[in-house]
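Working notes, beginning with the structure itself.
The values are calculated or read from the model by the stated rules, or taken from the named source; none is laboratory data. Since the model is a prediction, treat every value here as computed from it, not as a measurement. Virtual Cβ from ideal backbone geometry, glycine too; neighbours counted across all protein chains shown. With ligands, DNA and RNA removed, areas are computed over all heavy atoms of the protein, side chains included. Shrake-Rupley method; radii C 1.70, N 1.55, O 1.52, S 1.80 Å.
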Amino acid sequence: MSDAPILFFDSGVGGLSVVAPVRALLPHAPVVYAADSAGFPYGTRSEAEIAARVPALLGRLVERYRPRLAVIACNTASTIALMHVRQALDVPVVGTVPAIKPAALLSRTRVIGVLGTEATVRQPYVDDLAARFASDCLVLRHGSAALVALAEDALAGAPPSRAAVAVELDGLLRQPGGDRIDVIVNACTHFPLLAGELAAAAPPRVRFVDGGAGIARRVSQLTQGQDWRGEPGPARLVVTRLDDRTRAIAAALGPRGFAAPELL
């Protein structure tokens, strides 16, 4: 149906860094953005919790909103639960995985940093990506729950200090070999929301990459030739808990084209 939306799912607001490039390619696409505010943050949860929670929530979301396609706009959820979600749903599902391949293509020093949540950076999926696409590189990893919180706070109107961001980057840069990192993979969709702060805190030689543009191209391919109804109207915002923090973030999303939040 021409009014069937694209469903984006994340634990919080990180998926906005994926929504933006998709909207740039598909400006007429209706959008439903679902944030699991009751489960936030995913990066400190166990694999078992995420593997059970994400497919169940996406099943409810697909049943209610009838999307043409779902995007798991969360690296942690994708690296742990993508296979389970694809098995459970009858719509195409696009995942978000660390952009190690493009990082390896860009790196001249052959030392890459992967900056994600604690849950993401320890996944065998990341081991596999590094072995397949960066076998000639030293791939250093650091999990940061603090950067996720800083990104959420920034959207709610409390931008982080440069020092707070620098402390988290030091988790990569001060590892053995970290002084040779020239590309850092933002392996959490929250982190591109702090692009300016990260660039300011990093050495000048360091470039940051993420998977947003590649996901947008994949969504465009999967919806090629499909009808859109015209002007999509405000994006729908769905949350699993509506507390003061969620209300503050929802208020900040209004000027970005999002409607008032709905409770799942």
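See the values below:
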item: Number of positions in the range 111-131 that are touching a helix residue (DSSP H, G or I) at 6+ places or on another chain (Cβ under 8 Å) and not small (Gly, Ala, Ser); result: 11
item: Per-region count, the range 199-218, residues part of a helix (DSSP H, G or I) and buried (at least 24 other Cβ atoms within 10 Å of the Cβ); result: 1
item: Output for the range 46-87, where each listed residue is surrounded by 16 or more Cβ atoms within 10 Å (Cβ to Cβ), touching a residue at least 40 places away in the same chain (Cβ under 8 Å), assigned to a helix (DSSP H, G or I) and not aliphatic (A, V, I, L, M); result: Tyr65, Asn75, Thr76, Thr79
item: Count of the range 232-259 residues which are open to solvent by 50 Å² or more (accessible area, probe 1.4 Å) and out of contact with any Pro (no Cβ under 9 Å at 6 or more places or on another chain); result: 7
item: Matching residues in the range 1-41 - criterion: being touching a helix residue (DSSP H, G or I) at 6+ places or on another chain (Cβ under 7 Å), open to solvent by less than 10 Å² (accessible area, probe 1.4 Å) and in a helix (DSSP H, G or I); result: Val18, Val22
item: Boolean, Leu169 is part of a helix (DSSP H, G or I) and not small (Gly, Ala, Ser); result: yes
item: Some residue of the range 181-190 being out of contact with any Phe, Trp or Tyr (no Cβ under 7 Å at 6 or more places or on another chain), part of a loop (DSSP other than H, G, I, E, B) and surrounded by fewer than 19 Cβ atoms within 10 Å (Cβ to Cβ); result: yes
item: Pairs, first more than 10 Å from Gly14 (Cβ to Cβ) and acidic (Asp, Glu) in the range 174-199, second at pLDDT below 95 and assigned to a loop (DSSP other than H, G, I, E, B), C-beta under 8 Å, six or more apart; result: Glu197/Pro159; Glu197/Pro160
item: Residues satisfying the stated conditions in the range 221-260, i.e. assigned to a helix (DSSP H, G or I) and under 18 Å from Gly12 (Cβ atoms); result: Asp244, Arg245, Thr246, Arg247, Ala248, Ile249, Ala250, Ala251, Ala252, Leu253, Gly254, Arg256
